[in-house]
Amino acid sequence: MKNKTITLLLISMITILSIAGCGKKDGSSSDNGSTSSYTSAVEILNVIWDNFPESDKFEVIGGGTGNAVENKAGSVDVTDTDTLTYSLLVPEELQAKISDAASLTHMLNANTYTSAALKLKDADKDSFVDTLKTDILGARFMCGFPERLVIISTGDYVAYAYGADDLVTTFKDIASEKIEGVKVEVDQLFE
């Protein structure tokens, strides 16, 4: 068990360091009128991941520094600004507006697939989504380039994925079918 924990921590640190090098960039309820029965950001990502066709699955790691988990989504500490900024591309000005976060990332290449779910607290969802979209699409990637960005919402949660077109489209299709009250906020190719 100790070896597995050490291995997970090493994988987590390697992933965070590689993403930090490759993903640097320039540059209670929200008042959105809808509710959701989801109790955590992890739950939303796991609903989507659990419904990925087995033939389309790949090795993933979830969570943030120090609490990484293999092959499922994991919690990200909302005070972990490094993970939020460099791994999940959440702009610093939005980080104070979230109360829960989770991630699920391709284990070998975050630009192939990264997804996250964020619970908003007292934030204007439309403004939040617009700022998130602008920052992710404007990010500078040094190790490959994502093809598509999808942002969805349900209640006071915002979830998104960026990466390979087919994987992100699968994320959107599953979310549209399996996530209650979902709204596709953004579906856009990187330019």
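Give me the residue from segment 146-178 that is among the hydroxyl-bearing types (Ser, Thr, Tyr) and buried (at least 23 other Cβ atoms within 10 Å of the Cβ) and, out of that set, farthest from Ala123 (Cα to Cα).
Pass one, segment 146-178, residues among the hydroxyl-bearing types (Ser, Thr, Tyr): 153-154, 157, 160, 162, 169-170, 176.
Next, from what is left, pick out any that are buried (at least 23 other Cβ atoms within 10 Å of the Cβ): 153, 157, 160, 162.
Values: Ser153: 13, Tyr157: 11, Tyr160: 17, Tyr162: 22 Å.
So the residue we want is Tyr162.
Here Ser115 meets the list (1) over 14 Å from Leu167 (Cα atoms); (2) at pLDDT 95 or above almost entirely, failing just condition (1).
With respect to Gly138, is the statement that it is at pLDDT below 95 and under 20 Å from Leu108 (Cβ atoms) true? Against the criterion (at pLDDT below 95 and under 20 Å from Leu108 (Cβ atoms)), Gly138 does not qualify. Can you work out which of the residues in segment 145-191 that are basic (Lys, Arg) and outside any strand (DSSP E or B) is nearest to the chain's Cα centre (by Cα)? Checked segment 145-191; the qualifying residue nearest to the chain's Cα centre (by Cα) is Lys172.
One residue is enough: does segment 105-113 have a residue meeting the conditions surrounded by fewer than 22 Cβ atoms within 10 Å (Cβ to Cβ), among the β-branched types (Val, Ile, Thr), in contact with an Asp or Glu (Cβ under 7 Å, 6 or more places away or on another chain) and assigned to a loop (DSSP other than H, G, I, E, B)? Checked segment 105-113: no residue is surrounded by fewer than 22 Cβ atoms within 10 Å (Cβ to Cβ), among the β-branched types (Val, Ile, Thr), in contact with an Asp or Glu (Cβ under 7 Å, 6 or more places away or on another chain) and assigned to a loop (DSSP other than H, G, I, E, B).
Would you say Ala116 is more than 14 Å from the chain's Cα centre (by Cα) and buried (at least 22 other Cβ atoms within 10 Å of the Cβ)?
On the way: more than 14 Å from the chain's Cα centre (by Cα): no; buried (at least 22 other Cβ atoms within 10 Å of the Cβ): yes.
So Ala116 fails the test.
Looking only at residues in segment 119-145 that are under 21 Å from Gln95 (Cβ atoms) and aromatic (Phe, Trp, Tyr), which one is surrounded by the fewest Cβ atoms within 10 Å (Cβ to Cβ)? Among those that are under 21 Å from Gln95 (Cβ atoms) and aromatic (Phe, Trp, Tyr), it is Phe141.
It is to be established whether one or more residues within segment 120-127 are on the phi > 0 side of the Ramachandran plot and either at pLDDT 95 or above or in contact with a Lys or Arg (Cβ under 9 Å, 6 or more places away or on another chain) (or both).
Taking segment 120-127 first, the residues on the phi > 0 side of the Ramachandran plot are 122.
Imposing the further condition that a residue be either at pLDDT 95 or above or in contact with a Lys or Arg (Cβ under 9 Å, 6 or more places away or on another chain) (or both) reduces the set to 122.
Checking segment 120-127: at least one residue is on the phi > 0 side of the Ramachandran plot and either at pLDDT 95 or above or in contact with a Lys or Arg (Cβ under 9 Å, 6 or more places away or on another chain) (or both).
The values are calculated or read from the model by the stated rules, or taken from the named source; none is laboratory data. Predicted model, so just to flag it, every value in this text is computed and none were measured. Cβ: placed from backbone, ideal geometry, glycine included. Neighbour counts: every protein chain shown.
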